[in-house]
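S.K.: Could you have a look at this structure, given as C-alpha coordinates, before my questions?
The values are calculated or read from the model by the stated rules, or taken from the named source; none is laboratory data. What you see is a predicted model; the values in this text were computed from it and never measured. Cβ sites come from the backbone with ideal geometry, for glycine too, and all protein chains shown count toward neighbours.
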Amino acid sequence: MTVNPRQVMQYLYRFLFVLVLSIFAVWIVSELGILLQADENTARAPQTIELTIPSGAAAAVTAGEDAPGIPEEMVFVLGDVLLVRNDDEVAHTLGPLFIPSGSAASMPLNQVDHLALACSFSASRYMGLSIKPPTTLSTRILGIAFAAPPTAALIFVYSLIVFPITPKEPEPKRASARKRR
(Lines give C-alpha, C1' and ligand atoms only; values in the text may rest on other atoms or scores of the structure.)
Protein backbone atom coordinates (compact mmCIF):
# COMPACT_ATOMS: atom_id res chain seq x y z
CA MET A 1 0.00 0.00 0.00
CA THR A 2 1.35 3.37 -0.93
CA VAL A 3 1.28 6.31 1.41
CA ASN A 4 -0.63 9.25 0.10
CA PRO A 5 1.06 12.43 1.42
CA ARG A 6 -2.14 14.41 1.05
CA GLN A 7 -4.04 11.91 3.19
CA VAL A 8 -1.26 11.90 5.81
CA MET A 9 -1.57 15.69 6.01
CA GLN A 10 -5.34 15.38 6.48
CA TYR A 11 -4.76 13.02 9.45
CA LEU A 12 -2.13 15.33 10.89
CA TYR A 13 -4.33 18.43 10.56
CA ARG A 14 -7.25 16.64 12.16
CA PHE A 15 -5.11 15.40 15.04
CA LEU A 16 -3.66 18.88 15.66
CA PHE A 17 -7.15 20.39 15.57
CA VAL A 18 -8.42 17.76 18.02
CA LEU A 19 -5.39 18.28 20.28
CA VAL A 20 -5.99 22.05 20.50
CA LEU A 21 -9.69 21.42 21.08
CA SER A 22 -8.85 18.88 23.80
CA ILE A 23 -6.45 21.22 25.58
CA PHE A 24 -9.12 23.91 25.61
CA ALA A 25 -11.86 21.50 26.79
CA VAL A 26 -9.67 19.99 29.52
CA TRP A 27 -8.68 23.47 30.69
CA ILE A 28 -12.36 24.54 30.95
CA VAL A 29 -13.36 21.35 32.82
CA SER A 30 -10.32 21.64 35.10
CA GLU A 31 -11.06 25.25 36.02
CA LEU A 32 -14.73 24.46 36.62
CA GLY A 33 -13.69 21.61 38.92
CA ILE A 34 -11.35 23.90 40.83
CA LEU A 35 -14.08 26.53 41.17
CA LEU A 36 -16.72 24.04 42.31
CA GLN A 37 -14.38 22.41 44.82
CA ALA A 38 -12.61 25.63 45.67
CA ASP A 39 -10.86 25.64 48.97
CA GLU A 40 -9.83 29.23 49.51
CA ASN A 41 -7.44 27.97 52.16
CA THR A 42 -5.23 26.18 49.61
CA ALA A 43 -5.52 28.50 46.60
CA ARG A 44 -2.89 30.87 47.97
CA ALA A 45 0.81 31.23 48.70
CA PRO A 46 2.18 30.22 52.13
CA GLN A 47 1.83 32.87 54.82
CA THR A 48 1.81 33.40 58.58
CA ILE A 49 -1.58 32.59 60.11
CA GLU A 50 -2.27 34.12 63.49
CA LEU A 51 -4.48 32.47 66.11
CA THR A 52 -5.25 34.53 69.20
CA ILE A 53 -6.26 32.88 72.46
CA PRO A 54 -8.76 35.33 73.95
CA SER A 55 -8.80 36.50 77.53
CA GLY A 56 -10.95 34.17 79.62
CA ALA A 57 -10.29 31.10 77.44
CA ALA A 58 -9.10 29.00 80.41
CA ALA A 59 -12.22 29.86 82.42
CA ALA A 60 -14.47 28.96 79.45
CA VAL A 61 -12.70 25.61 78.94
CA THR A 62 -12.93 24.84 82.67
CA ALA A 63 -16.69 25.49 82.44
CA GLY A 64 -16.86 23.03 79.49
CA GLU A 65 -17.42 25.73 76.88
CA ASP A 66 -15.41 26.57 73.79
CA ALA A 67 -13.34 29.72 73.94
CA PRO A 68 -14.79 32.32 71.57
CA GLY A 69 -13.09 32.51 68.19
CA ILE A 70 -11.20 29.22 68.53
CA PRO A 71 -11.96 26.79 65.68
CA GLU A 72 -12.06 23.02 66.11
CA GLU A 73 -9.96 22.56 62.97
CA MET A 74 -7.79 24.76 60.79
CA VAL A 75 -6.60 24.26 57.21
CA PHE A 76 -3.15 25.40 56.13
CA VAL A 77 -1.00 25.45 53.01
CA LEU A 78 2.34 23.70 53.01
CA GLY A 79 4.89 26.28 54.16
CA ASP A 80 2.50 28.28 56.37
CA VAL A 81 3.55 29.33 59.85
CA LEU A 82 1.01 29.14 62.68
CA LEU A 83 1.55 32.00 65.14
CA VAL A 84 -0.37 31.55 68.40
CA ARG A 85 -0.80 34.65 70.61
CA ASN A 86 -1.95 34.19 74.18
CA ASP A 87 -4.09 37.08 75.51
CA ASP A 88 -5.37 34.89 78.36
CA GLU A 89 -4.19 35.15 81.96
CA VAL A 90 -3.07 31.49 81.95
CA ALA A 91 -0.33 29.72 79.97
CA HIS A 92 -1.62 27.40 77.24
CA THR A 93 -0.32 24.58 75.06
CA LEU A 94 -1.00 23.53 71.50
CA GLY A 95 0.83 20.34 70.64
CA PRO A 96 4.54 21.08 71.07
CA LEU A 97 3.96 24.80 71.68
CA PHE A 98 3.97 26.27 75.18
CA ILE A 99 2.54 29.78 75.13
CA PRO A 100 2.88 31.76 78.39
CA SER A 101 0.35 34.51 79.14
CA GLY A 102 0.99 37.64 77.09
CA SER A 103 3.40 35.97 74.66
CA ALA A 104 3.36 34.15 71.33
CA ALA A 105 4.80 30.99 69.82
CA SER A 106 5.03 29.82 66.24
CA MET A 107 5.05 26.49 64.45
CA PRO A 108 6.23 26.07 60.84
CA LEU A 109 4.04 23.69 58.86
CA ASN A 110 6.47 22.10 56.42
CA GLN A 111 4.89 18.70 55.82
CA VAL A 112 1.56 17.72 54.27
CA ASP A 113 -0.34 16.06 57.11
CA HIS A 114 -3.51 15.98 59.18
CA LEU A 115 -2.68 16.54 62.83
CA ALA A 116 -4.75 16.25 66.01
CA LEU A 117 -2.83 18.27 68.57
CA ALA A 118 -3.46 18.47 72.30
CA CYS A 119 -4.93 21.91 72.96
CA SER A 120 -5.49 23.49 76.37
CA PHE A 121 -7.70 26.31 75.07
CA SER A 122 -10.37 24.13 73.41
CA ALA A 123 -13.21 22.38 75.26
CA SER A 124 -12.56 19.17 73.27
CA ARG A 125 -8.90 19.32 74.39
CA TYR A 126 -7.62 18.90 70.85
CA MET A 127 -7.35 20.94 67.67
CA GLY A 128 -7.15 19.53 64.17
CA LEU A 129 -4.64 20.97 61.73
CA SER A 130 -4.79 20.01 58.05
CA ILE A 131 -1.72 20.93 56.03
CA LYS A 132 -2.35 20.66 52.28
CA PRO A 133 -0.24 21.37 49.22
CA PRO A 134 -1.14 24.68 47.54
CA THR A 135 -3.07 24.81 44.29
CA THR A 136 -0.69 26.68 42.02
CA LEU A 137 -0.46 27.51 38.34
CA SER A 138 2.03 24.69 37.87
CA THR A 139 -0.46 22.27 39.49
CA ARG A 140 -3.12 23.36 37.02
CA ILE A 141 -0.79 23.12 34.01
CA LEU A 142 0.37 19.67 35.10
CA GLY A 143 -3.25 18.51 35.33
CA ILE A 144 -3.95 19.75 31.81
CA ALA A 145 -0.75 18.14 30.51
CA PHE A 146 -1.78 14.77 31.94
CA ALA A 147 -5.41 14.91 30.76
CA ALA A 148 -5.22 16.53 27.31
CA PRO A 149 -3.23 13.88 25.32
CA PRO A 150 -5.48 10.90 26.20
CA THR A 151 -8.54 13.06 25.63
CA ALA A 152 -7.19 14.10 22.24
CA ALA A 153 -6.42 10.49 21.30
CA LEU A 154 -9.95 9.35 22.16
CA ILE A 155 -11.62 12.22 20.35
CA PHE A 156 -9.33 11.67 17.33
CA VAL A 157 -10.28 7.98 17.10
CA TYR A 158 -13.98 8.77 17.52
CA SER A 159 -13.74 11.49 14.87
CA LEU A 160 -12.26 8.96 12.44
CA ILE A 161 -15.17 6.61 13.10
CA VAL A 162 -17.84 9.28 12.75
CA PHE A 163 -16.17 11.33 10.01
CA PRO A 164 -13.72 9.05 8.21
CA ILE A 165 -11.05 10.49 6.00
CA THR A 166 -11.59 8.95 2.61
CA PRO A 167 -8.93 9.05 -0.06
CA LYS A 168 -9.93 11.09 -3.04
CA GLU A 169 -9.56 9.19 -6.22
CA PRO A 170 -7.81 11.00 -9.02
CA GLU A 171 -10.17 12.40 -11.55
CA PRO A 172 -9.92 10.83 -14.99
CA LYS A 173 -8.46 13.05 -17.66
CA ARG A 174 -11.15 14.69 -19.66
CA ALA A 175 -11.20 14.49 -23.36
CA SER A 176 -10.65 17.79 -24.96
CA ALA A 177 -13.75 19.66 -25.94
CA ARG A 178 -12.56 20.05 -29.46
CA LYS A 179 -12.16 17.02 -31.50
CA ARG A 180 -9.38 17.00 -33.92
CA ARG A 181 -10.57 16.80 -37.40
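S.K.: If you go through region 101-119, how many residues are in contact (Cβ under 8 Å) with a residue 24 or more places away in the chain and either surrounded by fewer than 16 Cβ atoms within 10 Å (Cβ to Cβ) or of a type in the set (S, T, N, Q) (or both)?
M.R.: Residues flagged as in contact (Cβ under 8 Å) with a residue 24 or more places away in the chain and either surrounded by fewer than 16 Cβ atoms within 10 Å (Cβ to Cβ) or of a type in the set (S, T, N, Q) (or both) within region 101-119 amount to 6.
S.K.: Turning to a different aspect of this structure: Could you check region 18-40 and list, in sequence order, the residues that are touching a strand residue (DSSP E or B) at 6+ places or on another chain (Cβ under 8 Å) and either in a helix (DSSP H, G or I) or surrounded by fewer than 12 Cβ atoms within 10 Å (Cβ to Cβ) (or both)?
M.R.: none
S.K.: Taking the condition surrounded by 12 or more Cβ atoms within 10 Å (Cβ to Cβ), part of a helix (DSSP H, G or I) and touching a residue at least 12 places away in the same chain (Cβ under 8 Å), does Phe15 pass?
M.R.: Yes, satisfied.
S.K.: Looking at region 14-36, is at least one residue among the charged types (D, E, K, R) and within 30 Å of Pro164 (Cβ to Cβ)?
M.R.: For region 14-36, residues among the charged types (D, E, K, R) and within 30 Å of Pro164 (Cβ to Cβ): present.
S.K.: Here is a follow-up. Within region 40-70, take every residue that is closer than 15 Å to Ser124 by Cβ and charged (D, E, K, R) and give me the one that is modelled with the lowest pLDDT.
M.R.: The selected residue is Asp66.
S.K.: Okay, next question. Ala104 - would you say it is hydrophobic (A, V, I, L, M, F, W, C), more than 17 Å from Arg125 (Cβ to Cβ) and at pLDDT 90 or above?
M.R.: The answer is yes for Ala104.
S.K.: Could you tell me how many of the residues in region 41-82 are surrounded by fewer than 17 Cβ atoms within 10 Å (Cβ to Cβ), in a loop (DSSP other than H, G, I, E, B) and touching an Asp or Glu at 6+ places or on another chain (Cβ under 9 Å)?
M.R.: Of the residues in that region, 7 qualify.
S.K.: Identify the single condition in (1) out of contact with any Leu (no Cβ under 7 Å at 6 or more places or on another chain); (2) more than 30 Å from Ile34 (Cβ to Cβ); (3) part of a strand (DSSP E or B); (4) touching a residue at least 12 places away in the same chain (Cβ under 8 Å) that Phe98 does not satisfy, given that it satisfies every other one.
M.R.: (4) is the only condition that Phe98 fails.
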